[in-house]
Number of protein chains: 2
Amino acid sequence: MRLTAPVVLPCDERCSVLRDAVVDVDGAGRIGYVGPSVWAPPAPGPELALTGILAPGLVNTHAHTAMTALRGLGGDLPLMRWLTEVIWPAEARIDAEDVRVGMLVGALEMLGAGITTSVEMYFLSDAVVDAVLAAGSRAVVTPGIIAVPGWDRLGTWQQMLDGISRWIDADGIRFGPGERIELGYGPHAAYTLPAEALAAAGAAARERGALLHIHVAETTGEDTAIREQHGSVPLLLERLGVLGSDDSGRGARVLAAHAVHLSDTDIAVLARYHAGVAHCPGSNSKLASGIARLVDLRAAGIAVGLGTDGPASHDDLNLWDDVRLAARLARLSTGDAAALTAAQALLMATRGGAAAIGRDDLGTVRPGAWADLVHIGADDPAFAAGLDVPDGQLLANLVWAAGARAVRDVWVAGERVLHDGVPTRVDPAEAHAALRSRVTRITGP
Amino acid sequence: MRLTAPVVLPCDERCSVLRDAVVDVDGAGRIGYVGPSVWAPPAPGPELALTGILAPGLVNTHAHTAMTALRGLGGDLPLMRWLTEVIWPAEARIDAEDVRVGMLVGALEMLGAGITTSVEMYFLSDAVVDAVLAAGSRAVVTPGIIAVPGWDRLGTWQQMLDGISRWIDADGIRFGPGERIELGYGPHAAYTLPAEALAAAGAAARERGALLHIHVAETTGEDTAIREQHGSVPLLLERLGVLGSDDSGRGARVLAAHAVHLSDTDIAVLARYHAGVAHCPGSNSKLASGIARLVDLRAAGIAVGLGTDGPASHDDLNLWDDVRLAARLARLSTGDAAALTAAQALLMATRGGAAAIGRDDLGTVRPGAWADLVHIGADDPAFAAGLDVPDGQLLANLVWAAGARAVRDVWVAGERVLHDGVPTRVDPAEAHAALRSRVTRITGP
């Protein structure tokens, strides 16, 4: 298949803007030639002429998407009260079918916003996988491991951990059509797990080359307690070997979600071990958790992606909000209107997110990468002045004005899963109806 | 006409949620009965059964909407460099037809986001009025008055001021079908006008009962200069009589846009004179201007609305972004996740905006108010759990997850000007094409 478009954004390191360009997709769903039409080889198959901007699908590096049934619950509470008084009691009623339907609704919403990959931490993860495969999106599924009262209904942390290891050993790290699923480990946080559980999860993940995805220093409350006991979460993870068995971080793939309350030392530790960070400005601002030190994290060379967090703490699943919010908060907290440019913010949501989870075959349009693509419509008012404006203005219009509302078509592994704004595999109205039939039991009195 | 809906949000002071309700609209475009279906009088005409949420149109209290042709220009610059190096030189090339077309594109975009009223400060304002009347939206048009090099091509500040007074004296404060246009005065700022111009504009506005709309303390740079010379902008405006001829503010309608850098004294002065504030968190964060003291402004009893600012500094014209951003920044700057609730943020964008400009017949659904209404679709994923959730959850889902993307239909003065997402009066594609044909001359080399 060959896609042509007046503008292709490969989301390479310099955020190039290719005019009158071509993207070829091979039969396996990977990208072949990318570049100007005039230099293109013979088309590898049918051609589709797009009229807007073709870009890589967005990578949502931190999500609990299946929580769509809980959206809007306790929306004006800080994190700890919100979790313990509202969310965890509701989650105690959730079964596998609830998770499947909740994830399906969220996966369709994300496709509508041009998000093709999400990193999911939840429980009953078989159901998460089923929903992702049904919607046709892509996910790195890191089943949660947690040891707090109430959650023992799902087993001990050791059982949760072993379950993930057995799953990976049976199905492999990546599987499904177009390798749509990657498995990893989701130890919830240092404040919800004993040190030995963190160490064991780190060892199991390293052994299998799997991603380890953990909440780090999200709010002052939990973070202060950990600091008093262990120095800090990054220092604890270092001491336990979670960040890597030697200080290059070799063999470890660690994703620190939120990472709001970090000292200079913490940032240096994460950088030294090549840990990635999922920056979640939407969730962190809604819950008044704080502003992560984005500019410092980037200056330290840390791969930083963006995450929506769950639909009950953000609350939409529109990563473009976080793209803009990351730039806004970076600018406000430094007083510098160039602290994060439109191009830099866009790259964080694409190749940056992929880098944060140790992938270079997502979030970019280059030969060999997965053909996860988004077509942005030129008819959006953001582009009323046309696509023919200078590159910087075009990127600004995409990031600051168009975003999710302009997403028209989405491909995952070369398959069109959104066509003119409508999911091709599942009827959203049916998915919503299915969720509606389940929600009273979960959140009702 | 009678509209029925499973949910009506009148945006009254307590943000009531009416279930299975009715909104009647009279032949003049004003609202009649509002309330539960069971208590409704006989229908005054044809009935339309809506399936989603019916709410008042949003009030955008600070905009320079005609700048759509300049969208995305200089997006990574701070305010003063952005104005003097990029925007003002481009604006020197703009003619009346550019303004008309630019405003038309923006008015259609705002209708698509459910914004029915905007407060517009720009020049060549006849063209702004023409575009508003063509789109069928509503605007308070406050032509700019400015005295800086380059702008004298439009005349002296005295000529600009007199032009507004003559216009009001000829056409009245409000005119057009459904009183779609209100005229007011737009003295640009204390740093771009001599004190005598501010005083004269204040006197002319008071004399006519017109709104006076002025930029106040947007950035540290301009604000520091004024503070050194005059104490502060609010103190200067007080001394010049702009805020009112006695210290109750009686007879004066003043709208302070941005109002970022205010002392306790400044806030007390604005409160004492009953000045309104247009809070513009999107623009202020993008340009790194700072965070306005929203919680303190509200605590002082000041009527605060929300504004997008122009499409070249925000950059979309989606006030829902500002609704969320206002709550996010209030929460981050106070550390309190309840500093501004979803309901409070929604009211700021509706009745709060109307109050900030001294109107009580907009931004609320009550008998006698203008029938400026928005229908939010229940098919949006934000409402996947249904509309039948508790009131607080429904408001959270509307504010935090649905917003502009869920806007389906809009009425202004009882006339449907957006039908299932499509403007009824003007084809957006034609408006975009018209803008495109003009943009190279304005922003090109």
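Can you spot a residue in segment B:328-349 that is among the basic types (Lys, Arg), at the interface with chain A (Cβ under 7 Å from one of its Cβ atoms) and either under 25 Å from residue B:118 (Cα atoms) or over 20 Å from the mean Cα position of the chain (by Cα) (or both)? Within segment B:328-349 (the criterion being among the basic types (Lys, Arg), at the interface with chain A (Cβ under 7 Å from one of its Cβ atoms) and either under 25 Å from residue B:118 (Cα atoms) or over 20 Å from the mean Cα position of the chain (by Cα) (or both)), the answer is yes, since at least one residue qualifies.
Only one residue in B:243, B:236 is assigned by TED's automatic domain parsing to the domain that holds residue B:64, assigned to a loop (DSSP other than H, G, I, E, B), touching a helix residue (DSSP H, G or I) at 6+ places or on another chain (Cβ under 6 Å) and on the phi < 0 side of the Ramachandran plot, so which one is that? Don't jump to the end; show me each part of the working.
Values: B:236 fails: assigned to a loop (DSSP other than H, G, I, E, B).
Answer to the selection: B:243.
Would you tally the residues in segment A:7-39 being assigned to a loop (DSSP other than H, G, I, E, B) and either hydroxyl-bearing (Ser, Thr, Tyr) or at pLDDT below 95 (or both)? Don't jump to the end; show me each part of the working.
So the first thing to find is which residues in segment A:7-39 are assigned to a loop (DSSP other than H, G, I, E, B), and the list is A:9-17, A:26-29.
Retained after the next criterion (residues that are either hydroxyl-bearing (Ser, Thr, Tyr) or at pLDDT below 95 (or both)): A:16.
The qualifying residues number 1.
Scoring residue A:43 on the criteria (1) more than 22 Å from the chain's Cα centre (by Cα); (2) within 12 Å of chain B (Cβ to nearest Cβ); (3) open to solvent by 20 Å² or more (accessible area, probe 1.4 Å); (4) not polar (S, T, N, Q) leaves a single failure, condition (2).
Only one of these is open to solvent by less than 10 Å² (accessible area, probe 1.4 Å) and within 14 Å of another protein chain (Cβ to nearest Cβ): B:107, B:139. Name it.
Sole residue among the options that is open to solvent by less than 10 Å² (accessible area, probe 1.4 Å) and within 14 Å of another protein chain (Cβ to nearest Cβ): B:107.
Scan segment A:373-384 for residues that are open to solvent by 10 Å² or more (accessible area, probe 1.4 Å) and within 7 Å of another protein chain (Cβ to nearest Cβ) and the total you get is 2. Working only within segment A:410-427, note down all residues that are crowded, with 24+ Cβ neighbours inside 10 Å and away from chain B (no Cβ under 14 Å). Hits for segment A:410-427 are A:410, A:411, A:412. Here is the figure for segment A:215-225: residues that are crowded, with 21+ Cβ neighbours inside 10 Å and among the aliphatic types (A, V, I, L, M) total 2.
Among the listed residues B:4, B:51, identify the single one that is touching a residue at least 24 places away in the same chain (Cβ under 8 Å), open to solvent by 40 Å² or more (accessible area, probe 1.4 Å) and either not in a loop (DSSP other than H, G, I, E, B) or not basic (Lys, Arg) (or both). The unique qualifying residue is B:51. Could you go through segment B:307-319 and let me know if any residue there is surrounded by 24 or more Cβ atoms within 10 Å (Cβ to Cβ), modelled with pLDDT under 95, among the acidic types (Asp, Glu) and assigned to a loop (DSSP other than H, G, I, E, B). Within segment B:307-319, one or more residues are surrounded by 24 or more Cβ atoms within 10 Å (Cβ to Cβ), modelled with pLDDT under 95, among the acidic types (Asp, Glu) and assigned to a loop (DSSP other than H, G, I, E, B).
Against the definition (within 24 Å of residue A:405 (Cα to Cα), away from chain B (no Cβ under 13 Å) and under 19 Å from the mean Cα position of the chain (by Cα)), how does residue A:116 come out, yes or no?
Details: within 24 Å of residue A:405 (Cα to Cα): yes; away from chain B (no Cβ under 13 Å): yes; under 19 Å from the mean Cα position of the chain (by Cα): yes.
The answer is yes for residue A:116.
Of all residues in segment B:426-444, none satisfies being closer than 23 Å to residue B:33 by Cα and among the hydrophobic types (A, V, I, L, M, F, W, C).
Consider residue B:407 carefully, then state whether it is within 13 Å of chain A (Cβ to nearest Cβ), open to solvent by 60 Å² or more (accessible area, probe 1.4 Å) and β-branched (Val, Ile, Thr).
On the way: within 13 Å of chain A (Cβ to nearest Cβ): yes; open to solvent by 60 Å² or more (accessible area, probe 1.4 Å): no; β-branched (Val, Ile, Thr): yes.
Spelling it out, it is not the case that residue B:407 is within 13 Å of chain A (Cβ to nearest Cβ), open to solvent by 60 Å² or more (accessible area, probe 1.4 Å) and β-branched (Val, Ile, Thr).
Is there a residue in segment A:380-392 that is β-branched (Val, Ile, Thr) and within 20 Å of the chain's Cα centre (by Cα)? The answer is no; no qualifying residue exists. The residues of segment B:81-103 that are over 19 Å from residue B:307 (Cβ atoms), within 10 Å of chain A (Cβ to nearest Cβ) and open to solvent by 10 Å² or more (accessible area, probe 1.4 Å) amount to a single one, B:81. Restricting attention to segment B:385-394, which residues are among the aliphatic types (A, V, I, L, M), facing another protein chain (nearest Cβ under 8 Å) and out of contact with any Lys or Arg (no Cβ under 8 Å at 6 or more places or on another chain)? Scanning segment B:385-394 gives B:389, B:394. Residue B:391 - would you say it is within 16 Å of residue A:74 (Cα to Cα), acidic (Asp, Glu) and touching a residue at least 24 places away in the same chain (Cβ under 8 Å)? So residue B:391 passes the test. Among the residues of segment A:55-78, the one identified as within 14 Å of chain B (Cβ to nearest Cβ), open to solvent by 10 Å² or more (accessible area, probe 1.4 Å) and under 21 Å from the mean Cα position of the chain (by Cα) is A:67.
The values are calculated or read from the model by the stated rules, or taken from the named source; none is laboratory data. What you are looking at is a predicted structure, and each value in this text was computed from that prediction instead of being measured. Here Cβ is always computed from backbone atoms with ideal geometry, including for glycine, and neighbour counts include all displayed protein chains. Quick note on the areas: whole protein, heavy atoms, side chains included, nothing else; ligands and nucleic acids left out. Shrake-Rupley method; radii C 1.70, N 1.55, O 1.52, S 1.80 Å.
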